[in-house]
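**Q** I'd like to ask you about the structure that follows.
The values are calculated or read from the model by the stated rules, or taken from the named source; none is laboratory data. Only a predicted model underlies this, so the values are computations on that prediction, with no experimental measurement involved. Every residue, glycine as well, gets a Cβ built from its backbone with ideal geometry; the counts of neighbours run over all protein chains shown.
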Amino acid sequence: MKKRRKITIGSIVIIAIVVVIWIVIFPTGNTTQTNQSSGIPPVYLEYQVKSGEIGDSIEVVGNIKAEIELVIPKVSGEVVEVYVEKGDKVQKGQVIAKIDDLDYQIAYLNALNDYESSTNIGERMQEVKRLQLEKARKNLENTEIKAPVSGIVNEVNISEGDLVGTNSVLFTIVDVNNLKVTTAVDEIDLPFVEEGMEAQISIDSMNTELAGKVSWISSTSTTDMGVVVVPIEIEFTNEHSQNSLISGITADVEIVILRLENTVAIPKDAIHDGPDGTKIVYKKTAEGGMEPVRVQTGRETDSMVEVVEGLSTKDVVLILPSQSDLQRIMQNYNFPMGFPMPTSGVPSNPSPGFGRGGF
């Protein structure tokens, strides 16, 4: 089972601008003096935050599945009419075949006569006659074979003149109004997935995107190519959107496991440990310097963290990477590689002291 982890930032969750500023330090010149006087290391990232959304999602790949209904008669007899062919669309309750009902009409009339003549017998026997009449009536009605669901006739296994019994499968019908996506999540991601979570279903072969939700999570796991996964099902939330779908085709599913609206969020790389277990970020000052600010964090994704106290919109925070972290940060935020890195001047672990300047 192909599985991908995806952090939905920008596309569905957060509005932010990331600006990369890089400066090459020469042995002499005004550049070094300016950076040293401002208190900002010569290589850093600026992150200007705006209020928006932050979210996290898991992507999995599955297949669209339709329920297949077997049409089995409740009475036996000779087939006298077949009203549908393979591929026909049918509605629930539509008559699709007919069994010879002559014997059943006779049985019904006899049961009716017996019931109407049972006025002078005991109450218990009268109830027996009533139940026999009800059974005969149902048997007569069941000579009309009706579609149990709305859908498409997938198989027709009978012809006129065939003798059928109560174990015969006369038709199979694909229930196109009850489609779902069957897939699985890695056991590592299972704690984050709950029934009812929103999902976006993408069907590349049909250039279609549809809304869905997690409708079922298996209580047992399976192994797929050596990886332990847990089967789940995604149902479509709009019935009318399923009409053109085909059972068995591939679907990409993005399960939204976290969505926070109207929040401030920053990259995890901007968070540093402060004294007494506090969290700090380095905020750019109006003068071009920086100051450490205590923050209180909330929910988080793999790369972003919500800031519930300490920052406001339009604040600019500084991400101060060490030399070993710079390439990783560039990859995380999709910036080109090869930025020059000075051999000194970038603290690998900035001082947690408070006050303007921070170092």
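**Q** Based on this model, can you work out whether Ile40 counts as over 30 Å from Lys180 (Cβ atoms), modelled with pLDDT under 90, touching an Asp or Glu at 6+ places or on another chain (Cβ under 8 Å) and in a loop (DSSP other than H, G, I, E, B)? Lay out the reasoning, then the answer.
**A** Numbers: over 30 Å from Lys180 (Cβ atoms): yes; modelled with pLDDT under 90: yes; touching an Asp or Glu at 6+ places or on another chain (Cβ under 8 Å): no; in a loop (DSSP other than H, G, I, E, B): yes.
So Ile40 fails the test.
**Q** Cβ contacts < 7 Å: first residue free of Cβ contacts under 8 Å to residues at least 24 places away in the same chain, restricted to the stretch 136-164; second residue in a loop (DSSP other than H, G, I, E, B) and loosely packed, with under 15 Cβ neighbours inside 10 Å, any location; separation 6+ or different chain. Result?
**A** Asn157/Val169
**Q** Specify which of the listed residues (Val84, Val79) is surrounded by 15 or more Cβ atoms within 10 Å (Cβ to Cβ), of a type in the set (Val, Ile, Thr) and assigned to a loop (DSSP other than H, G, I, E, B).
**A** Values: Val79 fails: assigned to a loop (DSSP other than H, G, I, E, B).
The match here is Val84.
**Q** Name, by its number, the condition in (1) under 30 Å from Ile106 (Cα atoms); (2) of a type in the set (S, T, N, Q); (3) crowded, with 19+ Cβ neighbours inside 10 Å that does not hold for Thr183.
**A** Of everything listed in (1) under 30 Å from Ile106 (Cα atoms); (2) of a type in the set (S, T, N, Q); (3) crowded, with 19+ Cβ neighbours inside 10 Å, Thr183 misses just condition (1).
**Q** Go through the stretch 46-62 residue by residue and tally those that are assigned to a strand (DSSP E or B) and either touching a helix residue (DSSP H, G or I) at 6+ places or on another chain (Cβ under 9 Å) or not aliphatic (A, V, I, L, M) (or both).
**A** To start, the set of residues in the stretch 46-62 that are assigned to a strand (DSSP E or B) comprises 46-49, 52-62.
Filter again for either touching a helix residue (DSSP H, G or I) at 6+ places or on another chain (Cβ under 9 Å) or not aliphatic (A, V, I, L, M) (or both), leaving 46-48, 52-53, 55-59, 62.
Qualifying residue count for the region: 11.
**Q** Return yes when Ser322 is of a type in the set (Gly, Ala, Ser), modelled with pLDDT under 90 and over 26 Å from Phe192 (Cβ atoms) and no when it is not.
**A** When the stated conditions are applied, Ser322 passes them.
One line per residue, one yes/no per condition, for (1) within 16 Å of Gly165 (Cα to Cα); (2) not in a helix (DSSP H, G or I):
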residue	(1), (2)
Tyr104	yes, no
Ala111	no, no
Thr119	no, yes
Arg124	no, no
Arg130	no, no
Arg137	no, no
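**Q** Within the stretch 198-210, is there a residue that is at pLDDT 95 or above and not in a strand (DSSP E or B)?
**A** no
**Q** Name the pairs whose Cβ atoms lie under 7 Å apart, with the first residue in the stretch 184-195 and farther than 19 Å from Asp252 by Cβ and part of a loop (DSSP other than H, G, I, E, B), the second at pLDDT 95 or above and not hydrophobic (A, V, I, L, M, F, W, C), and 6 or more positions between them or separate chains?
**A** Every condition considered, the pairs that remain are Glu187/Ser221; Glu195/Ser215.
**Q** Quick one: which of Asp276, Asp269 is outside any strand (DSSP E or B) and within 20 Å of Glu46 (Cα to Cα)? Please lay out each step first, then the result.
**A** Numbers: Asp276 fails: within 20 Å of Glu46 (Cα to Cα).
After applying the criteria, what remains is Asp269.
This table checks each residue for (1) of a type in the set (Ser, Thr, Tyr); (2) at pLDDT 90 or above.
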position	(1), (2)
Ile232	no, yes
Glu239	no, no
Ser247	yes, no
Thr250	yes, yes
Asp269	no, no
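**Q** Quick check: is even one residue across the stretch 60-70 closer than 23 Å to Gly161 by Cα and either in contact with a strand residue (DSSP E or B) (Cβ under 9 Å, 6 or more places away or on another chain) or modelled with pLDDT of 95 or more (or both)?
**A** Restricting attention to the stretch 60-70, the residues satisfying the condition of being closer than 23 Å to Gly161 by Cα are 70.
Keeping just the survivors that are either in contact with a strand residue (DSSP E or B) (Cβ under 9 Å, 6 or more places away or on another chain) or modelled with pLDDT of 95 or more (or both) gives 70.
Yes.
**Q** Continuing with the same structure: Considering the stretch 211-257 alone, what residues qualify as being part of a loop (DSSP other than H, G, I, E, B) and crowded, with 18+ Cβ neighbours inside 10 Å? I'd like the intermediate steps shown before the answer.
**A** So the first thing to find is which residues in the stretch 211-257 are part of a loop (DSSP other than H, G, I, E, B), and the list is 218-221, 225-226, 237-238, 243-249.
Leu245 - this is the single residue of the stretch 211-257 that is part of a loop (DSSP other than H, G, I, E, B) and crowded, with 18+ Cβ neighbours inside 10 Å.
**Q** With of a type in the set (A, V, I, L, M), more than 30 Å from Ile319 (Cα to Cα) and surrounded by 15 or more Cβ atoms within 10 Å (Cβ to Cβ) as the only criterion, which of Val60, Val95, Val49 stands out? Walk me through it before giving the result.
**A** Details: Val95 fails: surrounded by 15 or more Cβ atoms within 10 Å (Cβ to Cβ); Val49 fails: more than 30 Å from Ile319 (Cα to Cα).
Answer to the selection: Val60.
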